[in-house]
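Data block below; observations after.
The values are calculated or read from the model by the stated rules, or taken from the named source; none is laboratory data. Everything numeric in this text was worked out from a predicted model, so none of it was measured. Cβ atoms come from the backbone with ideal geometry, glycine included; neighbour counts cover every protein chain shown. SASA here: full protein model, heavy atoms, side chains in, ligands and nucleic acids out. Shrake-Rupley method; radii C 1.70, N 1.55, O 1.52, S 1.80 Å.
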Amino acid sequence: MNPASDPDSSRSAAILRAQTLMTPSLVPSISTELLTTADGELNRELHRFLLEPATNPALLQGKRVAICCTNGVEEVEITGAMRWLSEHGATVHVVSPRIGEFDPTLGLRFPTQCATHVLAIRLMENAGWLKIDRHLDQVKVADYDACIFPGGCWNPDALRADPLARAFVRGMWEVGKPTCAICHGQWVMVSAGILKGRKATAVWNIHTDLANAGATVLDEPCVVDGNLITARFPYDLPRMIQALVKQLLG
C-alpha cells in the first residue's frame, strides 16, 4: 500500500512531525501534538499549516520578518511561524532585548545562555532554547517588512516594559508594515499605545486589557484593522500568517 494513501500512516507521520516542535513534558502544558490532531476546524487548519510541506518555497523570497520576543515565549507560536515563513522563502529573525544587569536586591538569576538565546515555554512548562538572531538595539524598522509579537504570558509581560520593544512595534505600525500579535503578545501593543480606536483580539483572559487600552475587542480567530493583525490562540496562527502574507504580497 502506498503510505500516502494510508490514513493511519499519514497520521503517524504527522504526529512525528508535530513532535519535532516539542521536547518531553511532565507539567501542565500546551501540546502541539494534541493541537494538531484534535477534531476542530481551527485544529485542522493548524495541522495543515504546520505539517504539510510548502507548496511554493519561493512565495516570500526577499521578505524579512522579525519575530520579537524574550524568555517565556509560547513555543508553537514562534516555531510554527518561523518554520512556515522560512519554508516559504522569507528571512525570519528572532529579535530580542538584551537581558542587561539587575540590582542584586531583586534576587534575579539568569543563565549565561540568555545572552544568546530565549527560553521557549508551553503554557507552564519550560521548553527549549531558541537562538537570538538580532538584539533590539541592533535593528530598525527599515530592516523588516513585517513583525510578529508571539505570546506566552511571561514573554510579553517582560517585553512590554522594554522601551525598544515598544518603539519597534509602534514604528512598524506607524509606517504601515504588517504588525502582528497573537495570544498575550498584544500586551506589548497595549503598552506601546497603538490599540486606541482599533479593532483587535487576543487570548480571552486579556480582552479586558485591550478594551481598557481603547480597542474594540472581537472574539474572532484573526482580526485585521489596516496593518494591525491580531489573533487569539495557537490554533489561530494559520489565519494570522495568512493575513500577514496577504499584506506582504499585496
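Between segment 155-195 and segment 108-126, what is the C-alpha centre distance in whole Å? Cα centroid to Cα centroid, the span is 21 Å. Taking every protein chain into account, the accessible area of the chain amounts to 47 square angstrom per residue (probe 1.4 Å).
Heavy atoms only, probe 1.4 Å: what % of the accessible area of the chain goes to carbon and sulfur, would you let me know?
53
Helix 237-249 axis versus longest C-alpha principal axis of the chain: approximately 70°, rounded to the nearest ten. When all alpha carbon pairs of segment 9-148 are counted in 10 Å bins from zero, the resulting P(r) reads 11, 34, 35, 16, 4, 0 %. When Rg and the Kirkwood radius Rh are both evaluated on Cα atoms of segment 142-193, their ratio Rg/Rh stands at 0.94. Semi-axes of the equivalent ellipsoid for the chain, computed as √(5λ) from the eigenvalues of its C-alpha gyration tensor and ordered from largest down, come to 28, 22, 18 Å.
Amide H contacts for residue 123 (H built 1.01 Å from N in the peptide plane; partners 5 or more residues away or on another chain; cut-off under 5 Å): 30, 75. Each principal axis of the Cα cloud of segment 136-250 was evaluated for its coordinate range; sorted largest first, these ranges are 34, 32, 25 Å.
Measuring r between the beta carbons of residue 9 and residue 137 and using R0 = 35 Å, the FRET efficiency lands at 0.10. In this structure, the amide hydrogen of residue 146, modeled 1.01 Å from its nitrogen in the peptide plane, lies closer than 5 angstrom to those of 64, 66, counting only residues at least 5 positions away or on a different chain. Note on residue 84: accessible area is roughly 50 Å² with a 1.4 Å probe, heavy atoms of protein only. Phi-derived couplings, Karplus 6.51 cos²θ - 1.76 cosθ + 1.60 at θ = phi - 60°, listed residue by residue for segment 195-210: 9, 4, x, 10, 8, 7, 9, 5, 4, 4, 6, 10, 4, 4, 5, 5 Hz, with x used for Gly and Pro. Estimated from helices alone, the mean residue ellipticity of the chain at 222 nm is -10000 deg cm²/dmol (sum of -39500 (n - 2.57) over DSSP H runs with n ≥ 4, per residue). Taken one residue at a time, the phi angles of segment 175-189 give Karplus couplings (6.51, -1.76, 1.60, θ = phi - 60°) of 8, x, 7, x, 10, 10, 8, 9, 6, 8, x, 5, 4, 5, 5 Hz. Gly and Pro are set to x. Taking every lysine pair in the chain that is 8 or more places apart or spans two chains, those with Cα atoms closer than 16 Å amount to 5.
Sorted by average packing, counted as other Cβ atoms within 10 angstrom per residue and highest first, what order do 112-124, 152-164, 66-78 take? Display every interim value, and only then the final one.
Values: 112-124: 16.9, 152-164: 21.0, 66-78: 26.8.
Averaged packing, sorted descending, gives the order 66-78, 152-164, 112-124.
Amide H contacts under 5 Å for residue 216: 197, 198, 199, 200, restricted to partners 5 or more places along the chain or on a different chain, H placed in the peptide plane at 1.01 Å from N. Residues in segment 95-109 carry Karplus couplings, in order, of 10, 9, x, 6, 5, x, 10, 10, 4, x, 5, 7, x, 7, 9 Hz; the curve used is 6.51 cos²θ - 1.76 cosθ + 1.60 with θ = phi - 60°, and Gly or Pro positions show x.
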